[in-house]
Each structure stands twice: as structure tokens, then as C-alpha cells.
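One structure is given below, encoded as C-alpha cells.
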Amino acid sequence: MIVRRLDRAALAARVGELADLLVDTVHGGASIGFLAPLDPAAALAWWTERAAEAAGGRLAVWAACEGGRTLGTVSLAFPDKPNSRHRAELVKLMVHRDARGRGLGRRLLTTAEDAAAAAGITLLHLDTETDSLAEHLYRSAGWTRVGAIPDYAAAPDGALRPTSVYYKRLGSGGPTGAPL
């Protein structure tokens with residue numbers, strides 16, 4: 001399994017595989033902002049839009065590939081405000097159902113955390129469905145739960161679910177993070 005950062009060209013080359021991963025993740029019940037059934041064309045359009053964000057430095061995307069197939073991804077979203085350049089949001093950690101149980105989620109999480117710390121990011125934050133498998137991963141990786149917001153987002157089946165908010169401090173760098 002190879003995990004690597006995708007620049008705009010690499011992201012564009014893998015957009016179809018990333019769309020398939022998004023569809024699989026939503027159809028597997030993960031609450032990551034989409035409702036089931038997720039139309040593959042909508043997933044493709046969503047990932048295509050991310051290429052511009054990656055090119056503009058507002059998003060860093062990593063993909064885990066094995067045998068020419070994309071089995072997982074994670075991203076860091078960077079704020080555009082001067083007073084928040086020390087932090088980033090961990091977004092869209094996804095692992096294909098066929099690849100779960102092999103430690104890939106933790107590997108992707110660690111990759112994003114390490115890259116953020118190396119770039120001088122000192123604070124990461126995220127939100128995730130309360131009581132989900134993802135929430136267990138974040139807790140076991142040392143993330144701190146701030147609290148939960150009731151009925152925050154609809155699960156893929158449309159039912160409103162609470163969302164837990166987490167943060168993790170990284171390193172001891174200064175107040176400005178360097179772009180990844």
C-alpha cells in the first residue's frame with residue numbers, strides 16, 4: 001500500500017477512483033456530507049471541484065493506493081484568514097469497505113498529522129458522527145473531544161445524527177503554519 005500526496009495533476013488523474021471511493025463510503029453508511037444513494041456523477045463532480053482547491057493551496061489530499069486502485073484518502077483544509085494559519089481541518093478520511101480492518105485509516109490519519117506538523121501547523125480539528133467507527137479511531141489516536149452537537153447532519157439514510165467535534169495539538173511551532 002502506497003500513501004502519497006496528490007498534486008492537482010495526480011488528483012485529476014485519480015478523480016474517477018476517488019469518486020468510486022466516495023460512493024462506496026457513503027453506501028457503506030459513513031456520514032461524510034452526502035446522502036445515499038450517491039450518484040456516481042455527483043461524486044465525480046465533487047472530486048473534480050477539489051482539484052482547484054488543491055491547486056490553490058487550500059486543500060492537501062493524500063491517497064492510499066494498492067494494485068492500481070485507490071483504497072483510501074484523507075485531506076487537510078486550510079483556512080484563508082491570517083489569524084488561523086496555524087491550524088487546519090482534517091476532512092474526508094475514507095477507507096474503502098474492501099480495505100477496512102488493515103490499519104489504513106490510522107495510517108492515513110498519521111500521514112496527515114505528520115505532514116501538518118512538518119509544515120508548522122500546530123492545531124488540527126475535525127467533526128465526525130457521534131458513536132461512529134471514525135470517532136473511535138480519533139479517540140484512540142489522541143484527539144480530544146470538545147463536545148457534541150445534536151441533529152447536526154443527516155446520515156446517508158437521511159436520519160439526523162449528532163456530530164462530535166475534536167481537536168489535536170501538534171508540535172510546538174509558532175503562530176503561522178507554512179503551506180504544505
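Can you find a residue that is on the phi < 0 side of the Ramachandran plot, surrounded by fewer than 19 Cβ atoms within 10 Å (Cβ to Cβ) and free of Cβ contacts under 8 Å to residues at least 12 places away in the same chain anywhere in region 23-30?
no
Taking Asp20 as the residue in question, decide whether it is under 23 Å from Gly120 (Cβ atoms), out of contact with any helix residue (DSSP H, G or I) (no Cβ under 6 Å at 6 or more places or on another chain) and touching a residue at least 40 places away in the same chain (Cβ under 8 Å).
Criteria not met by Asp20.
Output the helices (runs of 4 or more DSSP H) that fall wholly within region 1-59 and possess 3 or more residues being of a type outside the set (S, T, N, Q) and over 25 Å from Ala155 (Cβ atoms), or say none.
Because the criterion is at least 3 residues that are of a type outside the set (S, T, N, Q) and over 25 Å from Ala155 (Cβ atoms), the helices (runs of 4 or more DSSP H) in region 1-59 that meet it are 8-13, 40-55.
Take the residues in region 132-161 that are crowded, with 16+ Cβ neighbours inside 10 Å and of a type in the set (Ser, Thr, Tyr); name whichever of them is nearest to Leu109 (Cα to Cα).
Looking at the filtered set, the residue picked out is Tyr138.
Looking at this structure, is Leu35 touching a Leu at 6+ places or on another chain (Cβ under 9 Å) and modelled with pLDDT of 95 or more?
no
Can you pull out the residues in region 63-96 that are part of a loop (DSSP other than H, G, I, E, B) and either touching a residue at least 60 places away in the same chain (Cβ under 8 Å) or of a type in the set (A, V, I, L, M, F, W, C) (or both)?
Phe78, Arg85, His86, His96, listed by residue number.
Being of a type in the set (Asp, Glu) and farther than 18 Å from Val26 by Cβ is the filter; apply it to region 40-88 and report the residue that is nearest to the chain's Cα centre (by Cα).
Per the criteria, the residue is Glu53.
Within region 110-135, work out how many residues are under 19 Å from Gly33 (Cα atoms) and in a helix (DSSP H, G or I).
3
Can you run down the residue pairs with Cβ atoms below 6 Å, 6 or more apart or on separate chains, where the first is in region 31-54 and under 21 Å from Thr163 (Cβ atoms) and the partner is surrounded by 15 or more Cβ atoms within 10 Å (Cβ to Cβ) and among the acidic types (Asp, Glu)?
Ser31/Glu129
Scan (1) within 24 Å of Leu133 (Cα to Cα); (2) surrounded by 21 or more Cβ atoms within 10 Å (Cβ to Cβ) for the single condition Pro37 breaks and write down its number.
So Pro37 meets the others, but not (2).
Counting only residues that are of a type in the set (A, V, I, L, M, F, W, C) and either at pLDDT below 95 or surrounded by fewer than 20 Cβ atoms within 10 Å (Cβ to Cβ) (or both), which one in region 63-88 is farthest from Leu11 (Cα to Cα)?
Step by step, filter region 63-88, then rank; the result is Ala77.
Out of everything in region 40-62 that is surrounded by 17 or more Cβ atoms within 10 Å (Cβ to Cβ) and small (Gly, Ala, Ser), what residue ends up being modelled with the lowest pLDDT?
Ala51
If you scan region 100-131, which residues turn out to be without any contact (Cβ under 8 Å) to a residue 40 or more places away in the chain, in contact with a Lys or Arg (Cβ under 9 Å, 6 or more places away or on another chain) and surrounded by 17 or more Cβ atoms within 10 Å (Cβ to Cβ)?
Within region 100-131, Thr130 is the sole residue that qualifies.
Output the residue which, of all residues in region 138-172 that are part of a strand (DSSP E or B) and free of Cβ contacts under 8 Å to residues at least 12 places away in the same chain, is farthest from Thr122 (Cα to Cα).
Out of the qualifying residues, it is Leu160.
The values are calculated or read from the model by the stated rules, or taken from the named source; none is laboratory data. Note that the structure is a prediction, hence the values are computed from the model and not measured. All Cβ positions, even for glycine, are placed from backbone atoms using ideal geometry, and neighbour counts span all protein chains on display.
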